[in-house]
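The numbers here are math on the coordinates, done by the rules we state, and not lab data. Source: prediction; values computed, not measured. Cβ placement follows ideal geometry from the backbone for every residue including glycine, while neighbour counts extend to all protein chains displayed.
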Amino acid sequence: MVNRVLVALDVPTAAEAMSLAQRLKPHVLGFKLGLELLMGEGPSIVSRVVELGSPVFVDAKLHDIPNTVAGAAERLGSLGARWVTVHASGGEEMVRVAAEALNEGSGGTAGILAVTVLTSLGEYELARMGIDRPLDDQVTALASAAAGAGAEGVVCAVTEARLVQALGLGLTVVTPGIRPADASPSDQKRVATPSAAIRAGSDLLVVGRPITAAPDVVQAAMAISAEIEAAVSAT
């Protein structure tokens, strides 16, 4: 099976996160740890999930002066994170030092994922923030800058995945906002089905509530993984 699913453990406690991770480990590629869990349990939750043996994506979305971001990235690397996010809008120098520090902290096993434009934002919200170029152009500009600064990949919506792949920069494209066809988009504006994500060029798919809020989390994970496998085979 071709497994590209990173399950978002967006839960408040370590007990809930570990229970979900233990049940889902055989059926998914790895896990994403977000701000709710990191702030509630602290960074030690990273090493606890890492000990299960699956890759861990720490979605810290670091965005600060380069020195501060470097320190945080190095620490997360030492805890075993496979990927750590920073906001690409923090600038090339911030992304560069984050990549270098994460590499050092992890012993060369981890990479930075640069967040381009959050999936909760659309053209209207960008305009309200004073960004007057089209959303697609904003994503590709940030992706290009991040690649030049040493990022392993980017986080973008499925609707921009093909644009990033077309840049030919070798970036790993990670897409959140994955929803089965019958699921609610919740607070995200740019969502897509798992098969649409694969067709668009996504390398890794972050899936949260469609799995973690399902009546049977294992069955939900298996169904999404099977859809991805079929889409990969078809492409």
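Close contacts from the stretch 142-159, counting a first residue that is farther than 12 Å from I112 by Cβ and in contact (Cβ under 8 Å) with a residue 60 or more places away in the chain and a second that is of a type in the set (D, E) and not in a helix (DSSP H, G or I), with Cβ to Cβ under 6 Å and a gap of 6+ residues or different chains, come to none at all. Number of residues in the stretch 195-225 that are crowded, with 20+ Cβ neighbours inside 10 Å, touching a residue at least 60 places away in the same chain (Cβ under 8 Å) and closer than 20 Å to A157 by Cα equals 10. Annotation: N67 fulfils all but one of (1) surrounded by fewer than 19 Cβ atoms within 10 Å (Cβ to Cβ); (2) farther than 27 Å from E51 by Cα; (3) in contact with a strand residue (DSSP E or B) (Cβ under 8 Å, 6 or more places away or on another chain); the unmet one is (3).
Restricting the stretch 33-60 to residues that are in a helix (DSSP H, G or I) and hydrophobic (A, V, I, L, M, F, W, C), the residue that is nearest to V154 (Cα to Cα) is L35.
Condition check ((1) closer than 23 Å to V7 by Cα; (2) of a type outside the set (A, V, I, L, M); (3) out of contact with any Phe, Trp or Tyr (no Cβ under 8 Å at 6 or more places or on another chain)) across all residues:
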{"site": "I65", "(1), (2), (3)": "no, no, yes"}
{"site": "T109", "(1), (2), (3)": "yes, yes, yes"}
{"site": "L135", "(1), (2), (3)": "no, no, yes"}
{"site": "L142", "(1), (2), (3)": "no, no, yes"}
{"site": "A161", "(1), (2), (3)": "yes, no, yes"}
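Tell me, please, whether a residue that is aliphatic (A, V, I, L, M), within 14 Å of the chain's Cα centre (by Cα) and part of a helix (DSSP H, G or I) can be found in the stretch 61-81. There is no residue in the stretch 61-81 that is aliphatic (A, V, I, L, M), within 14 Å of the chain's Cα centre (by Cα) and part of a helix (DSSP H, G or I). Residues in the stretch 103-118 that are more than 10 Å from A146 (Cβ to Cβ) and within 16 Å of the chain's Cα centre (by Cα): A110, G111, V117, L118. Looking across L121, L163, L79, one residue alone is under 30 Å from A220 (Cα atoms), surrounded by fewer than 24 Cβ atoms within 10 Å (Cβ to Cβ) and touching a Pro at 6+ places or on another chain (Cβ under 8 Å). It is L79.
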